[in-house]
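Here the structure comes first, spelled out in structure tokens, and everything after it is commentary.
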Amino acid sequence: MWEEAFSQQQIYRLLEKDPERGIYVLQSQYGKMIFRIVSRILPEYPEDAEEVAADVLVATWQQASLLSQSHKPLGAWLTVTARNRAIDRRRLLSRKQILPLNEEVDFLVETISSDGEDLIGALVAQMTQPDREIFLRRYYRLETAKEIGEAIGMRTHTVNVRLARGRKKLKDEYLKQMGKECRRYEKQHGVS
Amino acid sequence: MKNSTEYPELMWELHQLVQKDLETGGSLSPDQNDRICQMALCKMGADPKTASVQGNIQGAKNMESKRKQKGALRRTVRVGLIAAALFCASAMTVYAVGPDLIQMISEKIGFFQDAPSQEDVNDPLSAPRGDYGETKQALEGFNAAVGQSVTDNGVTVTLDNISMDVSSMDIFLTISGEEAMQAIEEIDDYGPLWNRFFGTGPNFYWAKINGKEIAQADVEDWYLDEEGNLKLWRHYLLTEMPEGEEITVELNETECALGKAGEWCFTVTLDGDSVRAGGKVGEPGTYFMPEAVYPNYDGFGSTLTLNKDLGLEYLAFGPKGGVIKTSVTEKKLTDANGSDAYAYEGLDANMLYIVDNTGKELYSSRAAFISGEALNLTAPDPSATSLTLTPMRYRYANEDGSTSKTRTITTDELKNGAKVPTRQYGGYTVENFTIHNGVISYDLVPYGWNCGSYSEILRPQDDGKISMVAEEATNLQDGGTATLLHSALLSSTIDPQAGVTSVRHDYYAASDEELQSITEWKYEYFDVEMDTEHAITVALEDVK
């Protein structure tokens, strides 16, 4: 790890002015984090994981100007982008039916559908601590219950219980909200 | 559609977690680091000069240090464009680079030339959906053949033609891949076969022009030619003037084509003067408009006031048609239930009645389910020198705050080419109403002002009259089952030059006899007022 980390504005500037160097700096600073998230969703396919990690770097280069203007936190953006890209790749591979079943990962993929992404985010944002941090670590950073427990000083079993309760609550709220969205859409567009 | 990155507090919290764990989160070997970087640079079309991460980090530190000493570092980096065979053949990304400096000329386009007419075949998989008479003529008078192909994972994508003027870009592709085609045709789906190709790619949604995403994907159409290849046309609206002597277009599909994973990337360079030839623009500007007041917007008596200033960002016409883009911003609200709701400030371009100084009305349109603020505009009279833009406002006739009244029209009236007045200032004339092979199709030809084109204008009253497909669905929560009934697929395409919408209702199981028994259709009528007091006139100037 470098003694003087580059700030996110410095990284954006590099990506715009000298993309090649910018990519290497981005990789040096966030590469491990990106790869860890991606390889947790694609544990069976390390080559695909590396390629998806490269895609995340390219996406950052493409969005550098916008990200710089919007002051979005880069670490969070990379986490969400890495996760979503890896999930998309996993879905593609699943359609080819060449992936063995992996309950833990497939649950995440199933839960985080593109329709529900914004709702899940909104619902997690409304949670109180420590549940919010537990869900951020689990669903965005793909950490195991053991890792979460060690990070926040909680027993693994307790983390699992909180996750299970929170999942049920998220699903209930999600189904309720999606039902409301459908009814609102129908009303606005006169669709039956 | 919002995503998690729109919730700032949550994202900053996530960012803090990331920053805390950067040193300890996971491991990568130096080889992996370099491999990932080189893969990324290959996808970006760059030529990685220095293989090591270390070397580049030190270089970057030196750069940052100099920048701080000398002020802003201004250096244009030209990312080299390279041919696939030379560099990326061993990688998963495949690129093609088009011929040098393409000019817009008169050239036949196979997508139109080689196809039968939809009227003859009545099958969207055998011919383009619409007639596209005016649009086809304009495109064939202003395009260039490219003829570059890229193959990945058994699918070959050929960029046949490209057309660009100051208002829009159009690409025409041929896509082939026997295994992929077969897989699509074998999908177990009760829907029409033509719809299975929707979204299978390549999509090229995020086309770049001179490195910027200023091409808003709009209409698309596709069909299979006699050899079983997919012919695809995609139309884009430009949201800014394409500048420069050379205009670089990048089309990158990095997900799939015909449902097969892979990458197909094209780069073509267009002659800037040729693209901008014959172009006219209106001066951008911000114009004050009265606020819009919505009484009882949430059904609980709350009043909502929104800024509706007109922020005209881009207004341009070329040989292929026109584009208008205004600035519209999203405003987050909370309704009486405490739920999030959203409203939009700024005057949407589709709320403008547009007439040129010869008296010709212009019609706006946009493909259904496309997000983005730009709209197609039909062309003004060739001698026109200005446009008058008159804002339209909704009145609120209903107690519950809704803005429309439901009206009825008969099938016989539609068959006879009736007018469907969706507003008191305009609507659509229905043409070519047909019931054939389980499909109801018709064209909606605009007149007056009607707030742009949408496919869901007419709703058939088919309850109890048609057969439907039943599907068993399982509730994931409690394992219970339910029977879902599916009636039809609604779809449309737009002729951007004419503003005409061609609509299809593909019924999954209903017979023509059942469809003939549908006697009524409903549509929404919106009460509006023309705010002539705040109309503005925009001069059209030749593009220099």
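For the pair B:GLN424/B:ASP273, report the inter-label distance in nm, with labels modelled 7 Å from Cα in the Cβ direction.
Calculated label separation equals 5.3 nm.
If we count other beta carbons within 10 Å of each Cβ, what is the order of B:PHE112, B:PHE288, B:PHE317, fewest first?
Neighbour counts put them in this order, fewest first: B:PHE288, B:PHE112, B:PHE317.
Evaluate peptide B:256-269: per residue, the Cβ atoms of other protein chains within 10 Å of its Cβ; return the mean as an integer.
Mean inter-chain Cβ contacts per residue within 10 Å come to 1.
Given an 8 Å cut-off on Cα distances and at least 6 residues of separation, report the relative contact order of region B:205-330 as a percent.
Contact order relative to length: 17 percent.
Return the sequence-ordered ³J(HN,Hα) values of region A:157-164 in whole Hz as given by the Karplus equation 6.51 cos²θ - 1.76 cosθ + 1.60 applied to θ = phi - 60°, using x for Gly and Pro.
In residue order, the calculated couplings are 4, 5, 4, 4, 5, 5, 5, 5 Hz.
Across region B:134-145, in residue order, what do the Karplus-derived ³J(HN,Hα) couplings come to in whole Hz, using 6.51 cos²θ - 1.76 cosθ + 1.60 with θ = phi - 60° and x for Gly and Pro?
Each residue of region B:134-145 in turn: 5, 5, 4, 4, 5, 5, 6, x, 8, 7, 9, 6 Hz.
Could you list A:MET154, B:MET11 so that the one with the fewest beta carbons within 10 Å of its beta carbon is first and the one with the most is last?
Ordered by Cβ neighbours within 10 Å, fewest first: A:MET154, B:MET11.
Please compute the contact order of region B:404-526 in relative form: average sequence separation of alpha-carbon pairs under 8 Å and at least six residues apart, divided by the residue count, as a percent.
Relative contact order of region B:404-526: 36 percent.
Please give the Cα centre distance for region A:1-77 versus region B:116-175, rounded to the nearest Å.
Centre-to-centre (Cα) distance: 37 Å.
What does the average come to when, for each residue of peptide A:54-67, you count the partner chain Cβ atoms lying within 10 Å of its Cβ?
Mean partner-chain Cβ count within 10 Å for A:54-67: 4.
Can you give me the Cα centroid spacing of region B:503-544 and region B:189-265 in angstrom?
That distance is 26 Å.
Which whole-number percent is the relative contact order of region A:7-100 (Cα, under 8 Å, 6+ apart)?
Taking the mean separation of contacting Cα pairs over the length of region A:7-100, I get 33 percent.
Distances longer than 25 Å among the Cα atoms of region B:404-526: what percent of all pairs is that?
Result: 31 percent of Cα pairs exceed 25 Å.
Could you tell me the calculated FRET efficiency between A:GLU44 and B:GLU361, based on Cβ-Cβ distance and R0 = 56 angstrom, to the nearest 0.05?
0.40
Distance cut-off 28 Å, Cα to Cα: go down the list A:LYS17/B:LYS332; B:LYS308/B:LYS415; B:LYS43/B:LYS231 and report the pairs above it.
Violating the 28 Å limit, Cα to Cα: A:LYS17/B:LYS332; B:LYS308/B:LYS415.
Just rank B:HIS486, B:HIS235, fewest to most, by other beta-carbon atoms within 10 angstrom.
B:HIS486, B:HIS235
At each listed q (0.13, 0.18, 0.21 Å⁻¹), what is the log10 of I(q)/I(0) that the Debye formula gives for region A:7-100 modelled as equal alpha-carbon point scatterers?
Log10 I(q)/I(0), no solvent term: -0.43, -0.75, -0.94.
Can you pull the mean other chain C-beta count within 10 Å for peptide B:30-42?
6
Every read-out reported here was derived from the displayed coordinates using simple, explicitly stated rules and does not represent laboratory data. From a predicted model like this one, the values you see are computed outputs, not experimental measurements. Here the Cβ is made from the backbone with ideal geometry for all residues, glycine too, and neighbour counts use every protein chain on show.
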